[in-house]
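Note sheet for the following structure.
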Amino acid sequence: MLDAFDIVRLVDKLPLKICAIATWREQFMISTVSTKNEAHLLVYKVVSSSDFDRPYEAKLDMTLKKFTPKPIISLSVIPEQDMFLALTTDGEFHCANLITYQIVNIGIPRLKGCSTFAVDWHRLKGFNGYLRICIVLKKKLLVYTYFGGTFTQTNDLVVLETPKMVSWLGEGIIFCIKKDLYYMTLDGSSRELFSIGQHRSEPCVLPIMRGDKQEMLVLNDDKQISLDTEAKPTQPSALVWSENPVSIIHIHPYIIGMLPRSIEIRALEQKLLVQSIKTNEQIKDHVRFIAHDQVTLVASHTQVYKLEPKAYEKQVQQCVLSKQFELALEISELIKETESERKLRREEILRRYAFYLFTRHEFEKSLKFYLEINEDPMHVIALYPHFLPSEHRQNLSLPTSPPTFTGEDLKKATEFLIKYLTQLRYLEQQNLQQLLTRMENKPEESPVDCESKKKIDARLLLIDTTLLKCYIKTGNNTLIGSLVRLPENHLHLGESERVLRNDEKFQELVQLYQTKGQHKLALTMLHSFHGGPNSSLSGVWPTIDYLQNLGSENIELILKYSEWVLQESPDDGIKIFTEEIGEVEALPRSKVLAHLGNIAPALRIQYLEHIIQRWKDTTPEFHNELILIYMNEIVNNKLPQYLKSIRGRPRAKAGEEPGELGYLRSRLLHFLQSSKYYEPEGLISRFPQDDLFEEKALLLGRLGRHEIALALYAHVLKDPKMAEEYCRRTYDPEENRGVYLDLIKTYLNPPTIKDIGISLEGIIEPVKDINTAMTILATYHEKIDTAAVMLLLPEDVSIQDIKQFLTTVLEENMVVKRRAHVLQGLQLAEHLQIQKSRIKEQAPCFVIDDFTNCKICSKKLGTSAFARYTNGDLAHLFCYQQEMDKQIEY
Amino acid sequence: MSARRKVLLKVIILGDSGVGKTSLMNQYVNKKFTSQYKATIGADFLTKEVMVDDRLVTMQIWDTAGQERFQSLGVAFYRGADCCVLVYDVTNANTFKTLDSWRDEFLIQASPRDPENFPFVVIGNKIDLENRQVPARRAQNWCESKNNIPYYETSAKEAVNVDQAFQKIARDALAKENDDIYKPQVASVPDIRLDSNTKQKSGKCC
């Protein structure tokens, strides 16, 4: 129970009997009945007094004797229109002026037999609003609307019997016939609502504003029901008074009921009994009337009291102490203070409320309030038993010790904490973002900004780390992963590491290390888990995936931790360096190559082939290296094995040997032909002198030393077909015309073995081979310089041998010559034709005289330079050129 | 037949800026494509009514801005989503790499009841372009590793596979709705409607 109101006596022991009371502003009027049954009207003003026990007193302002001939039973003041209305016991309705206190006639005729009336007064903003009165005249409801200083009757509604009571509700009227309430709209349609109750003789209704909505409170016995402006109940449950109220008034946030033996004060929204003033005990009086405007008055037949609200601050304090937080919030709105003070007060109430709700296990609502007042998350998290270290928890000043809870309650509470933290996380991230943007735009770092950034960072650290613990507590495995993977998470490394380890969330721990840049820890862990049972961390692939995403800035780590993978599973391990991912492609290749050379030399071919073929690497060193690796592999391993296996039988063609050797050689040969980036100068000396002649020929060819290359084919390999094939490949009419001549030369004047630069046991010095030379000459004569060949031919060649060649060459030369003749004739004819037409065009004569005008500017041509069009038109040369320029522009 | 109430499915499209989220939505709802790029600000939605197994459902497709990851849209926006569509651009490997973050961030913000089985759909867009960077196999592997997320490759420009992808989205979202027995029936349905084509039809269902 609170102490919301004091009761102060204003008028004491009036010799006359009060029969009606009304109040406006700080004034009130009482109507009394004299011994002669006439109505006297007394007007008072409420003023504060210095008396501590009676802070207010009423000063009698005016006494109007014999105001009406009969006693007044109902009074109503409309201060904005300086008007008051009175109904007397004989059923006469009076309008009076509030300044002159004279009864005036303003449009309402003298009505006899009225039983009651109701005023509908809309105070609209910046405008006087409108005023309507409904007067009950026997079985009629007469509606008068006030406009321009007078009342006009606007409705005349008929009802079955004379209503006891009327009241306005929205665009309709509530009235009571016998014990039943009805609602009638102004068009006359009505419906029955409900009964006023068995134990109630008089109806009791009260129009109120709840927020910005008009409502009507209606009593059914001791139950109070709220109706909206269409007379429909608005709340599921009714307020129940402790006795049947005679009358009620509304003083936000309270509703005050005048009960037979007491005045009861209740919170309207919470329906809670706040205070009960036992009238018969406390003031020893029987109150009968209650009125409310700026002041609230209750009156008995001889006394008037003021209901004085206690200071709102005190009320709020009391509410908080008795844990009536909702009411405290409502009352705190009424305190006159600055917005910031109000905000602080509200926060303080909410803080206590939230804690109270938490102790009652209403977690959702509690956390909602904590979020609203932006409570330090440390305090909120401290309400839970296990998220903060206990010594730290004890250091925080909590209102009282936090509740203990377990099992389902704890789980539920944790779920709501997750929601709270998620929301808070979002808000703090936004704050951080805004702060960072602000800091970026400032030229200098301000200490305030740095301080607030520190604070936000600390909060986010706490939020994320606690969120992780919540996820673990509630077994939310998917979200654990999501949180640790977030690139911008604010998890505390040590603490998160501890909880993840305790819960054996090793995969998530690796991911945490990854987002926190602790790659060494992550990779060491992956290594230690790789041999474990079949889990997400076993095997080489977790490490491979990890290394593939590290990027070139971590190359040393990649190299270090790829070592065991390459040794354990080279075929998978090479993927660390060859996966089609941007990061992998960007790794420094020479380092990788050197590393592979140390750890797994066999993988170098695969790596080089990948970077050259897939990633189109053109670095000469890599191309050279690949050639040398192929070569070494062939010479040191595969070739000796092969030679051993054939035991002196003839060798297969290069690249067609069985097994690996053939494969390697064909790749090497193909690469030597297709790659444009290797450097043959350095390579050639590394090749053996007694084998791999095919490869050597290609290298020599690349060096432009075609004679030696061809000599290798012709004399060492004794394969004229390959030599011809070589010529076909390398012949180019512009760049390399002499290659066929070189081929002939090698047959006619063979070089020595020494010239060729090989050393092979049992090789015979090359010998002249005129026949082959002649065949080549005959086949490729058109690509060979005839004159040069003639010089080469040895003197002992018989004419018979070269007859065929010479005839063909002569025939072909004749064809060329004749063609040239024909072409010459045709071109001469064309030349003559053109000359002829030129002469024709130059022949015409024309006269330019004083009357010859320019076609373009229409001025005289005179002696200026001119242009003549093919149709004979003439123009200034200048005009003509301008015209041409214009056309070009278009 | 109590389940015959009108169903509204909230679908959220996420992904880096410029991957074609707006284009996909426009292609699906309006059958239109423009090659002009205009950044989305905040979030915007279109609705479309579709039939899923004889049921008429309204898809409310939320298109989001890709620039600022989760800065302007609150936690409330993500709660109540029935399906989350993750979009990347097959010609831009970075947009694929960030899918992880988009998914993780979504899950944390939305905190769905069953995050393991929350319906996602991944769309690799712009397959009409030539300079593809992300192999389909890599995307499929990723989807498989995330509890078998359905994967579609589309071209919003040439309307390839767009309808199929959204049909799957509607189906999965509806399945999730039906599972969510706790879900309040009207929560998360905003009052505002941006386009007039989606007025509730008054026609009676047989």
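The values are calculated or read from the model by the stated rules, or taken from the named source; none is laboratory data. On a predicted model such as this, the values are computed, not experimentally measured, just so you know. Note that each Cβ is placed from the backbone with ideal geometry, even for glycine, and that neighbours are counted across all protein chains shown.
Checking A:Phe878 against (1) modelled with pLDDT of 85 or more; (2) loosely packed, with under 14 Cβ neighbours inside 10 Å; (3) out of contact with any strand residue (DSSP E or B) (no Cβ under 8 Å at 6 or more places or on another chain), which single condition isn't satisfied?
Of everything listed in (1) modelled with pLDDT of 85 or more; (2) loosely packed, with under 14 Cβ neighbours inside 10 Å; (3) out of contact with any strand residue (DSSP E or B) (no Cβ under 8 Å at 6 or more places or on another chain), A:Phe878 misses just condition (2).
Being of a type in the set (A, V, I, L, M, F, W, C) and over 45 Å from the mean Cα position of the chain (by Cα) is the filter here; which residues of region A:565-595 pass it?
Once the filter is applied, which keeps residues that are of a type in the set (A, V, I, L, M, F, W, C) and over 45 Å from the mean Cα position of the chain (by Cα), region A:565-595 yields only A:Ala594.
Which ones in region A:436-475 are of a type in the set (A, V, I, L, M, F, W, C) and modelled with pLDDT under 90? Even if it seems obvious, please write down each step before you answer.
So the first thing to find is which residues in region A:436-475 are of a type in the set (A, V, I, L, M, F, W, C), and the list is A:436, A:439, A:448, A:450, A:456, A:458, A:460-463, A:467-468, A:470, A:472.
Scanning region A:436-475 gives A:Leu436, A:Met439, A:Val448, A:Cys450.
Of the residues A:Gln282, A:Gln275, A:Gln317, which is in contact with a strand residue (DSSP E or B) (Cβ under 9 Å, 6 or more places away or on another chain), outside any loop (DSSP other than H, G, I, E, B) and at pLDDT 90 or above?
Within the list A:Gln282, A:Gln275, A:Gln317, the selection yields A:Gln275.
Restricting attention to region A:663-701, which residues are over 23 Å from A:Thr619 (Cβ atoms), of a type outside the set (S, T, N, Q) and in a helix (DSSP H, G or I)?
Passing the criteria: A:Tyr663, A:Arg665, A:Phe693, A:Glu694, A:Lys696, A:Ala697, A:Leu700.
Hey, any hits in region A:29-36 for a residue that's touching a Cys at 6+ places or on another chain (Cβ under 9 Å) and hydroxyl-bearing (Ser, Thr, Tyr)?
yes
How many of the residues in region A:235-271 are among the hydroxyl-bearing types (Ser, Thr, Tyr), within 47 Å of the chain's Cα centre (by Cα) and assigned to a loop (DSSP other than H, G, I, E, B)?
Adding up the residues that qualify gives 1.
Select from region A:181-201 the residues that are surrounded by fewer than 15 Cβ atoms within 10 Å (Cβ to Cβ) and over 18 Å from A:Ser226 (Cα atoms) and list them in ascending order.
The answer is A:Asp187, A:Gly188, A:Ser189, A:Gln198, A:His199, A:Ser201.
Do we find that B:Asp16 is at pLDDT 90 or above and under 21 Å from B:Asn94 (Cβ atoms) in this structure?
Yes.
Would you mind telling me which numbered condition in (1) buried (at least 21 other Cβ atoms within 10 Å of the Cβ); (2) assigned by TED's automatic domain parsing to the domain that holds A:Pro750 A:Leu664 fails?
With respect to (1) buried (at least 21 other Cβ atoms within 10 Å of the Cβ); (2) assigned by TED's automatic domain parsing to the domain that holds A:Pro750, A:Leu664 is out only on (2).
Do you know which of the residues in region A:160-201 that are of a type in the set (Gly, Ala, Ser) and in contact with a Ser or Thr (Cβ under 6 Å, 6 or more places away or on another chain) is modelled with the lowest pLDDT?
Once the filter is applied, the top-ranked residue is A:Gly170.
Could you check region A:162-185 and list, in sequence order, the residues that are more than 55 Å from the chain's Cα centre (by Cα) and either in a strand (DSSP E or B) or among the aliphatic types (A, V, I, L, M) (or both)?
Within region A:162-185, A:Met165, A:Val166, A:Phe175, A:Cys176, A:Ile177, A:Asp180, A:Leu181, A:Tyr182 meet the criteria.
Would it be correct to say that B:Met59 is in a strand (DSSP E or B), out of contact with any strand residue (DSSP E or B) (no Cβ under 6 Å at 6 or more places or on another chain) and more than 12 Å from every other protein chain (Cβ to nearest Cβ)? Walk me through how you get there before you give the answer.
On the way: in a strand (DSSP E or B): yes; out of contact with any strand residue (DSSP E or B) (no Cβ under 6 Å at 6 or more places or on another chain): no; more than 12 Å from every other protein chain (Cβ to nearest Cβ): yes.
Criteria not met by B:Met59.
From (1) within 13 Å of another protein chain (Cβ to nearest Cβ); (2) more than 30 Å from A:Trp564 (Cα to Cα); (3) in contact with a helix residue (DSSP H, G or I) (Cβ under 9 Å, 6 or more places away or on another chain), pick out the condition that doesn't hold for A:Glu495.
Among (1) within 13 Å of another protein chain (Cβ to nearest Cβ); (2) more than 30 Å from A:Trp564 (Cα to Cα); (3) in contact with a helix residue (DSSP H, G or I) (Cβ under 9 Å, 6 or more places away or on another chain), A:Glu495 violates only (1).
Suppose we filter region A:139-159 for residues that are modelled with pLDDT of 90 or more and outside any strand (DSSP E or B); how many remain?
Number satisfying all stated conditions: 2.
Kindly check whether there is at least one residue in region A:846-866 that is among the aromatic types (Phe, Trp, Tyr), surrounded by 10 or more Cβ atoms within 10 Å (Cβ to Cβ) and part of a helix (DSSP H, G or I).
No, there is no match, as no residue in region A:846-866 is among the aromatic types (Phe, Trp, Tyr), surrounded by 10 or more Cβ atoms within 10 Å (Cβ to Cβ) and part of a helix (DSSP H, G or I).
Has region A:20-30 got any residue that is within 27 Å of A:Tyr130 (Cβ to Cβ), in contact with a helix residue (DSSP H, G or I) (Cβ under 8 Å, 6 or more places away or on another chain) and part of a strand (DSSP E or B)?
yes
Name the residues in region A:635-660 that are more than 60 Å from the chain's Cα centre (by Cα), surrounded by 14 or more Cβ atoms within 10 Å (Cβ to Cβ) and in contact (Cβ under 8 Å) with a residue 12 or more places away in the chain, would you?
Listed by number, the residues that qualify are A:Val635, A:Lys638, A:Leu639, A:Tyr642, A:Ala654, A:Gly655, A:Glu657.
Quick one: A:Ile72 ticks every box in (1) more than 17 Å from A:Ile21 (Cα to Cα); (2) touching a residue at least 24 places away in the same chain (Cβ under 8 Å) bar one, so which box is it?
(1)
Which numbered condition trips up A:Ser452, out of (1) polar (S, T, N, Q); (2) surrounded by 15 or more Cβ atoms within 10 Å (Cβ to Cβ); (3) away from chain B (no Cβ under 14 Å); (4) within 30 Å of A:Phe325 (Cα to Cα)?
Going through the list (1) polar (S, T, N, Q); (2) surrounded by 15 or more Cβ atoms within 10 Å (Cβ to Cβ); (3) away from chain B (no Cβ under 14 Å); (4) within 30 Å of A:Phe325 (Cα to Cα), A:Ser452 breaks only (4).
Quick check on this structure: which one of B:Ile149, B:Ile123 is in contact with a Phe, Trp or Tyr (Cβ under 6 Å, 6 or more places away or on another chain) and within 13 Å of another protein chain (Cβ to nearest Cβ)?
B:Ile149
Which of the helices (runs of 4 or more DSSP H) found entirely inside region A:716-794 contain at least 3 residues meeting this: in contact with a Cys (Cβ under 6 Å, 6 or more places away or on another chain)?
In region A:716-794, A:739-748 are the helices (runs of 4 or more DSSP H) which contain 3 or more residues that are in contact with a Cys (Cβ under 6 Å, 6 or more places away or on another chain).
So is B:Leu73 surrounded by fewer than 20 Cβ atoms within 10 Å (Cβ to Cβ) and more than 14 Å from chain A (Cβ to nearest Cβ) or not?
no
Checking A:Thr466 against (1) loosely packed, with under 15 Cβ neighbours inside 10 Å; (2) among the polar types (S, T, N, Q); (3) within 14 Å of chain B (Cβ to nearest Cβ), only one condition comes out false. Which one?
With respect to (1) loosely packed, with under 15 Cβ neighbours inside 10 Å; (2) among the polar types (S, T, N, Q); (3) within 14 Å of chain B (Cβ to nearest Cβ), A:Thr466 is out only on (1).
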